[in-house]
1. Would you point out which residue out of S316, S324, S273 is open to solvent by 30 Å² or more (accessible area, probe 1.4 Å), closer than 30 Å to N212 by Cα and small (G, A, S)?
2. Output the residues belonging to segment 229-239 that are in contact (Cβ under 8 Å) with a residue 24 or more places away in the chain and out of contact with any Gly (no Cβ under 6 Å at 6 or more places or on another chain).
3. Any chance segment 299-317 includes a residue that's part of a loop (DSSP other than H, G, I, E, B) and under 17 Å from F265 (Cα atoms)?
4. Within segment 242-256, count every residue that is modelled with pLDDT under 95 and in a helix (DSSP H, G or I).
5. If I231 satisfies all but one of (1) open to solvent by 40 Å² or more (accessible area, probe 1.4 Å); (2) more than 30 Å from R111 (Cβ to Cβ); (3) not acidic (D, E), what's the number of the condition it fails?
6. Quick one: N352 ticks every box in (1) open to solvent by 10 Å² or more (accessible area, probe 1.4 Å); (2) in contact with a Ser or Thr (Cβ under 9 Å, 6 or more places away or on another chain) bar one, so which box is it?
7. So which of I279, I266 ends up being over 22 Å from Y351 (Cα atoms) and modelled with pLDDT of 95 or more?
8. Would you tally the residues in segment 85-103 being under 19 Å from M298 (Cα atoms) and touching a residue at least 60 places away in the same chain (Cβ under 8 Å)?
Amino acid sequence: MYAVIALMLFACKTEKKEKVKKKDQKVGITAIPMPSKLVSGTSFPTDSTMINDWVSKSKIVNNLETNTDIITHGWDIWNALMEKTDEKSNDQILRRFETWYTPQDIQKSLRAKTSNSEIKLSHLQRFDTGNLEIPHQNQHGLKVKSSDVVGFVKCDPTSAQHIYDKELYFFEVLKSMIVPGKIANIPAFPASSVLIKPVFYPLTKTDSLSPNSYSLPAWPGYHDQIPMESIVKNGFGPNSWNNDITITTTGETNRDKKVFSINDFIHFKLSKSQAANIINVIDNGKAKEGDYAVLVGMHVNTRENRRWTWQTFWWSENPDSPQSPSSSAIAKLKPITLDRASKHYSMALAYNMISPSQPYYEGSNAITDKQPKKESIYAFNPYLEAGFNANTFDVSASTKNPNNSGGNDSIRKYYNEGYQKVGAIRLSEKIYEGGKLNRVGIETNCMSCHGQARLYDVKSIKDSYQYYITDQYFDLNAPYFKNSVVLDFAWSIQGSLIYRDSKTK
């Protein structure tokens with residue numbers, strides 16, 4: 001009898017412990033922050049003084065960065081992003097970058113906070129990595145829109161918390177910062193902030209010869225046989241590369257036959273909701289749950305200094321001897337800690353706009369007797385910017401860009417009349433860096449373009465516009481920033497704006 005009672009008491013205690021354990025158990029994905037120490041031994045965030053010293057010693061060869069400190073730092077960041085974590089989604093182990101917040105996650109939390117001020121970003125329960133969408137720049141200015149590449153913005157815990165705390169996705173909040181006749185700025189992101197844009201190619205349409213084989217356009221690099229006049233008119237996107245490789249999900253890599261295993265790619269399987277979200281978006285077949293999505297490119301920027309650091313990555317058929325805008329010199333500095341898939345990506349960097357590096361204020365693009373020759377620094381992503389033709393960078397008013405009140409007139413005046421003391425390009429006189437006018441996507445630089453991120457005093461979100469520029473220097477106090485709020489190099493803020501009142505349209 002006593003034995004039975006004892007057994008019953010033990011069972012009750014065990015049941016109680018199980019309930020406590022389940023209550024304390026973590027639910028959903030936890031966002032894993034950047035490590036405090038990078039693989040090379042450098043601290044993260046790295047002190048801005050150190051980074052600016054690297055920039056002062058930057059040396060550009062064939063329009064590409066050769067400074068080993070800058071290159072090593074870029075690979076350090078890539079290594080940290082690619083590290084696998086203990087987090088899982090859809091029964092798949094997540095890499096660090098996959099655990100981070102999407103703008104939609106932050107928007108959802110901001111909406112909840114309007115009803116309950118006690119709501120915290122950390123309260124949000126996330127069960128997948130986020131819905132894939134056509135990248136914002138691929139909806140803007142492309143002569144031929146390609147819907148085969150989809151992706152999302154990811155915000156590390158620091159940047160996500162900053163956006164949430166300052167409510168930077170609310171249109172009304174940004175509008176309230178604008179001061180007529182002045183240049184306004186959002187609160188600067190903390191130094192440890194990281195913003196990334198991974199883009200994927202869903203494997204939805206099998207090769208006719210094999211049910212487990214898929215075709216992917218691979219970057220061939222730009223060469224002189226491709227007339228620049230054609231690129232000015234049409235861009236040089238994946239549809240023009242004529243260099244497809246085959247991805248096999250069951251076979252082995254055979255480089256001679258341009259066949260690559262799925263294990264040569266960072267990849268994941270689409271969840272039911274992810275597949276449903278892009279089923280009518282991509283051109284390359286219809287997505288379904290369980291289809292693979294392979295990473296083809298990723299923009300990465302860190303707020304370790306005033307103008308951020310910029311590195312962009314893309315899958316490469318020949319990762320040890322990649323085509324420009326990367327190089328063998330960049331490739332050879334990859335850390336040995338990268339896994340098989342992560343090693344298959346190439347990198348371009350832009351820690352300054354042009355060389356020699358110009359100051360934050362009152363630098364110049366001009367080439368004069370008193371100034372040294374300026375060289376372009378190219379850092380674009382083949383899967384994101386290579387398709388841009390010259391029309392993408394047209395700042396004049398047009399049916400595509402009718403919003404004169406948004407600042408087009410002042411921008412056009414700034415560019416055409418030229419304010420050399422603040423570094424404008426005078427297009428009418430064709431004064432530009434390196435003796436060459438940059439006009440298209442393969443002549444771009446991450447820093448130059450993202451530095452244009454701003455919101456003018458427009459009436460609604462739909463009236464806002466993105467003003468892209470090719471590689472060139474610009475002054476942080478350029479006159480065309482007046483009457484706007486400058487977004488600390490984060491185009492993703494403008495692309496993620498919502499109204500505080502969810503009923504507002």
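The values are calculated or read from the model by the stated rules, or taken from the named source; none is laboratory data. Bear in mind the structure is a predicted one, so any value in this text is a computation, not a measurement. Cβ coordinates were reconstructed from backbone atoms using ideal geometry, including for glycine residues, and neighbour counts include every protein chain displayed. Surface areas here come from the heavy atoms of the whole protein model, side chains and all, with no ligands, DNA or RNA. Shrake-Rupley method; radii C 1.70, N 1.55, O 1.52, S 1.80 Å.
1. On the way: S316 fails: open to solvent by 30 Å² or more (accessible area, probe 1.4 Å); S324 fails: closer than 30 Å to N212 by Cα.
That would be S273, the only listed residue that is open to solvent by 30 Å² or more (accessible area, probe 1.4 Å), closer than 30 Å to N212 by Cα and small (G, A, S).
2. Within segment 229-239, I231, V232, K233, N234, F236, P238, N239 meet the criteria.
3. yes
4. Number satisfying all stated conditions: 0.
5. (1)
6. (1)
7. Going through I279, I266 in turn, the sole match is I266.
8. 9
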